[in-house]
1. So for A:506, A:68, what's the accessible-area order with a 1.4 Å probe, most first?
2. Round to a whole number: what % of the accessible area of the stretch A:74-229 belongs to carbon and sulfur, probe 1.4 Å?
3. How much accessible area does residue A:123 have with a 1.4 Å probe, in Å² rounded to the nearest 10?
4. Between the helical axis of A:215-234 and the dominant principal axis of chain A, each derived from Cα atoms, what acute angle in degrees is found, rounded to the nearest 10?
5. Peptide A:462-473: average number of partner chain Cβ atoms within 10 Å per residue?
6. Would you calculate the convex hull of the Cα atoms in the protein assembly as shown and tell me its volume per residue in Å³?
7. Output wanted: per-residue J couplings in Hz (rounded whole) for the stretch A:248-255, from phi through Karplus 6.51 cos²θ - 1.76 cosθ + 1.60, θ = phi - 60°, x for Gly and Pro.
8. I'd like the carbon and sulfur percentage of the solvent accessible area for chain B, probe radius 1.4 Å, heavy atoms only, ligands and nucleic acids excluded.
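The values are calculated or read from the model by the stated rules, or taken from the named source; none is laboratory data. Remember, predicted model here, so these are calculated numbers, not experimental data. Cβ: placed from backbone, ideal geometry, glycine included. Neighbour counts: every protein chain shown. Each accessible area value is taken on the protein alone, full model and side chains, heavy atoms only, with ligands, DNA and RNA left out. Shrake-Rupley method; radii C 1.70, N 1.55, O 1.52, S 1.80 Å.
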Amino acid sequence: MNADFPVALILILGAALVPLFRGGLRTAYMLLLPVAAFVWLLMLPHGEFGHVRWLGQTLVLMRVDRLSLLFGYIFLIALLLNVIYAAHVRDTAQHVASLVYAGSAIGAVFAGDLITLFVYWELTAVSSVLLIWARRSENAFRAGMRYLLVQLLSGMFLLVGSLLHWQATGSLEFAQIALAGAGGALILAAFGIKCAFPLLHNWLQDAYPEATVTGTVVLSAFTTKLGIYALARAYPGTEMLIWIGTLMAAFPIFYAVIENDLRRVLAYSMNNQLGFMVVGIGIGSELAINGAVAHVVADILFKALLFMSMGAVLLRTGTVKGSELGGLYKSMPLTTGFCMVGAASISAFPLFSGFVTKSMIMTAASDGGLLLTWLVLLFASAGVFHHAGIKIPYFAFFSHDRGIRCEEAPRNMLIAMAVTAALCIGIGVFPGALYALLPFAVDYEPYTASHVVAQLQLLVFSALAFAVLMRTGIYPPELRSVNLDSDWLYRTVAPAALRFCERLISGFQRAGGAMFSAGIQRGAVFARRERLPQGLLVRTWPTGSMALWLMVMLLGYLVLYYVR
Amino acid sequence: MMPEPKQYWLDSSANVTRLYRGLWVIGIALLALDLFLHKHEEFSFAGWFGFYGAYGFLACVALVLIAKQLRRVLMRSEGYYER
């Protein structure tokens, strides 16, 4: 085998052949691609390969180390699960887009330099938008357009930042980057958009719920996690990230409580989980980085599982609005069960994946004496159980029975959910297998009696709070509505400001035009009058007056000279 | 003739109340465990009796009450952006 071969091409080039196959053969072929790529990764030695000379720079297409390999593995597992989940979809474009999107995310993970990273970065943006547009609705088209613009903006920041960074340091290597220069700051902004930093976050909640049933599941795995990977690579131990992450973990949960679209609730909870990872990278200790990376793996799986269950609901009932759903456990018992495994995992119940990964970040925060961050993260842990762990399954599957009777999810979806659920539980029960793959050696034991009891107390009493609020009628009902978020700025304020400027300019144009033409007219009248005999323009001037004016000028010059 | 709709265990409100009470029993049992556990917390207050339970309960109540108030500021009709 040749380690120089970019593993991303197995998927990207492989995607080109998908239209040639139909039915079961197509599914088999699409399953083969991630399996082949996975086997390829297993055989790769550590090191840098795929050197390409370009404009006097050496690009590195394949940098293989523990960090890139783990992201490679989990991205391929996510792709494999997605292929199973989407096996019933006939739309070829979606299959091709998914493969190219996953392939380019993997290409970015193995990129050893900023230019290679940029190319794959842009490819993820362009390929993933197709999964939104494939919904083929007006809303999806517009949301996709906004999503694409934000993603391309991130790419532009990355490119300009990389060039400035190159100018300042003479290196294009994709490694730890100092935040000091403009280049470093721009690259951080580019990564920040992908990670959905506060105020840069809203593309996520805007676009993901508009994608197709299967598209949202694919989207949830790659873009934001690629952002986390890039942060872990370039900015570990950057203190600012602790505060950004703390804020990220907290504010989306308020939105999640009042949001009606359950896939949008999941997008908010994704934002909240990303906050934990960003805090881990900001702390930068071995335990913290291990925790952040482990939590990426866990989050890809349980978030996929939750989006899969909501996708199945959307497919069968045509809606995922909490205000329309309820009582679905009677029609979709298996989907309900899988959703609850995802809910338990994201809520970090003992024996589920979130418990063994998120706690590493919490412990790293308390080890570092970060009291405020620790308290906020604990609040966010209770909050995520509240909105993702309870609200999602409760409003979709239990709650008030709306009388919707539908079929259980298709078999391929159930298989995908079952495998994902098994992985969530597997990681929770046998954390050692995941710990062995983390970037640093792990010296951490999640299952101590005090940790288990503390976590169970936190969760059970959060559930009791929900139950008490429900039974007393204080809990806010699910309402058909939208909630203003930062996208309000570019969806309402910016167009209004543009319209205002337009009116202002055209007003000026009208007023200015009138003044201008009046001026011309007056000038013409003046010229016509002064062209007559004895007019100012045709009169002969005596030499005396010329000498007089000259003297005035010289005097003026003299005065000026003295004044200076 | 319509078949008799199947009755599920959760359809009965008495069962839901049983579930609710069961949850309180579990919560109280977990609090009781606190008395026997040797804790080694980085922040000393986290070792207080019932800290995690109280924090979880209060955090969620605060979360819901604040979010409910946020609706007054943030909530718009579903077609808000399509106007």
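1. Values: A:506 40, A:68 0 Å².
Sorted descending by solvent-accessible area, the residues read A:506, A:68.
2. Values: 3210 of 4610 Å².
Exposed carbon and sulfur together represent 70 percent of the surface.
3. Using a 1.4 Å probe on the heavy atoms, I get roughly 60 Å².
4. Long axis of A:215-234 versus the principal axis of chain A: about 70 degrees.
5. Working: counts 10, 7, 10, 9, 6, 5, 5, 6, 2, 3, 0, 0.
Mean shielding by partner chains, rounded to a whole number: 5.
6. Values: hull volume 168.0 nm³, N = 647.
Residue-normalised Cα hull volume stands at 260 Å³.
7. 4, 6, 8, 5, x, 5, 5, 5
8. Numbers: 3970 of 5950 Å².
After summing per-atom areas, the C and S share lands at 67 percent.
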